[in-house]
1. Quick one: which of A:ALA163, A:ALA153, A:ALA115 is modelled with pLDDT under 90, farther than 30 Å from A:PHE58 by Cβ and surrounded by fewer than 23 Cβ atoms within 10 Å (Cβ to Cβ)?
2. So which residues in the stretch A:141-154 are under 29 Å from the mean Cα position of the chain (by Cα), more than 7 Å from chain B (Cβ to nearest Cβ) and closer than 15 Å to B:ILE6 by Cβ, if there are any at all?
3. Restricted to the stretch A:97-125, and to residues that are assigned to a loop (DSSP other than H, G, I, E, B) and small (Gly, Ala, Ser), which residue is nearest to the other protein chains (Cβ to nearest Cβ)?
4. Among the residues of the stretch A:177-219, write down those that are over 20 Å from the mean Cα position of the chain (by Cα) and modelled with pLDDT of 85 or more.
5. Checking A:LEU66 against (1) aliphatic (A, V, I, L, M); (2) modelled with pLDDT of 90 or more; (3) assigned to a loop (DSSP other than H, G, I, E, B), only one condition comes out false. Which one?
6. Test of understanding: among A:THR128, A:THR134, which residue is under 29 Å from A:ARG211 (Cβ atoms), at pLDDT below 90, within 13 Å of chain B (Cβ to nearest Cβ) and surrounded by fewer than 20 Cβ atoms within 10 Å (Cβ to Cβ)?
7. Across the stretch B:173-203, which residue is nearest to the chain's Cα centre (by Cα) among those that are farther than 18 Å from B:MET229 by Cα and in a loop (DSSP other than H, G, I, E, B)?
8. Would you check which residues across the stretch A:137-186 are among the aliphatic types (A, V, I, L, M) and farther than 24 Å from A:ASP208 by Cβ and list them?
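The values are calculated or read from the model by the stated rules, or taken from the named source; none is laboratory data. None of these values were measured; they are calculated from a predicted model. Positions of Cβ are generated from backbone atoms using ideal geometry, with glycine treated the same way; all protein chains shown enter the neighbour counts.
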Amino acid sequence: MPAAPAPEGVAEVLVVVGAATYHRRSVRKRTAFPMLEGVRVQPIISIRQLSKTYASGFQALKPIDLTINRGEIFALLGPNGAGKTTLISIICGIVNPSSGSVLADGHDVVREYRAAREKIGLVPQELTTDAFETVWNTVSFSRGLFGKSANPAHVEKVLRDLALWNKKDNKIITLSGGMKRRVMIAKALSHEPRILFLDEPTAGVDVDLRRDMWVMVRALRATGVTVILTTHYIDEAEEMADRIGVINKGELILVEGKTALMEKLGRRQLTLQLQAPLVRIPEAMSGYPLELSADGLQLVYTYDAQGESTGIDVLLRRLAEAGIDFKDLKTSQSSLEDIFVSLVRERA
Amino acid sequence: MNIYAIRSIYRFEMSRTFRTLLQSIVSPVISTSLYFVVFGAAIGSHMNGIDGVSYGAFIVPGLIMLSLLTQSISNASFGIYFPKFVGTIYEILSAPVSAFEIVAGYVGAAATKSVALGLIILVTARLFVAFHIEHPLWMLAFLVLTAVTFSLFGFIIGIWADNFEKLQLVPLLIVTPLTFLGGSFYSIHMLSPFWQKVTLFNPVVYLISGFRWSFYGVSDVSMTISLGMTLVFLLICLAVVWWIFRSGYRLKA
């Protein structure tokens, strides 16, 4: 039995059903949200067999199934031309799908477009603004466009939250690139959406602004807003996302909780700094996945952190027996970027 | 009905007019006034009247119609073309608005500007030429109907155009010549029978004729036919706009 929708503005902590489901594999998974660990969440976007082939014949999206949960931060990763923007554009109504369906908060984005779009805010990739309008006017315009009555208090709050209040009477053309990006976010938030799409939100912005945006996104999530972001910055997804989808050549090749993904696919490595350089790895150690650095002073052992035994204890004993001493050691895990690159290469 | 959206688009478009007052209002008023000065007051005072109306007064409806047509097209075409050009159209397309609401906002604003401009030109003309209006309500009706119809036409051009040159193409190369040849400065009865028949294929003839009838009670073609032809053109524009939104032509991939 489906869970009843929770009231708006409340982070949905539902004790039953509605698990994060990756239909492609027909496997029910638990949410990866640290704050919601142990509980299930309700889907807010349900995509079924969605595909897009442009008039030129180019297939931008192969049939995709995906569910995005209420209140999560979902990162969609993929190289240029992978289909990220096409997918977002279809959900938001900018591009017509070739087949399939999308439900946004239970409303079909084509048949019930009004109800669906009222819930959605979009910050597109390009800095497209009304250059000659003031910040206040353009944000107020967006609110009205989405069917909301004027609410100066809300517009003021959005502008203050985004550090735009002192620029409210400035024409957009006079603002810096980073400020323009904030204006676009303010426009997307002006109608109090429950779902926010951020298409490459930090492309071309400085480090400080990126950090500010991360804080803002987390704050939005805390109010129950579902955030879907596409990004080229893997560290951004690693830092912010609860779940990650990887799309390549129009195909959704993986959807997984970030932590689970990194645990499952992330390699761990033990690096030993040796006391004396080795010419080669001793014969007795040949059965271990070891690599010796060019200067012979580093020995790198790759292991599976999820395995029953990492083998580190045995390795260290064998090294001691072989008379190989080390002065330091460290362990490291492969980054999301390593995982992403390897996934995309695998499918290339 | 998303009234807030219609109001937002309408206000946004109107505020653009107020930001560019010189270009939107002052410039067309001055250029049309020059016609009144040259053809109405200076040359017109030495010419015979047409259909019992002084030449200066005769050209007033045609010149108002000239401004009305070109400005309606320009306002509406630029209004929808500019968001396409700069990319802000994404917001319109992703908003919970219907085709009707989008058109009502853009075309409503464009028609409002054109009607206001037409009335300003009408008042300005009175400074140079003496004229009267026999059917003021019909005059207003023709003014509004023509403004709405050609704003719709302009909206279509704005969707179709993919560069600024195309945006200017139809108003400059088609509408302006048709208006000049549609009886703005003369009665089509002054032409030879052959050219009279040819002229009847010019749709602007009916607009000017009907509008002039509302001023002086005389016209080249019957007022009913003028009204009917204007309504037919309105319906054609509405059908094309309906098709544009249904197919997503030049709006949605």
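1. Going through A:ALA163, A:ALA153, A:ALA115 in turn, the sole match is A:ALA163.
2. Within the stretch A:141-154, A:ARG143 is the sole residue that qualifies.
3. A:SER98
4. Within the stretch A:177-219, A:MET179, A:LYS180, A:VAL183, A:ALA186, A:LYS187, A:SER190, A:HIS191, A:GLU192 qualify.
5. Result: A:LEU66 passes all but (3).
6. A:THR128
7. B:PHE185
8. A:LEU145, A:ALA150, A:ALA153, A:VAL155
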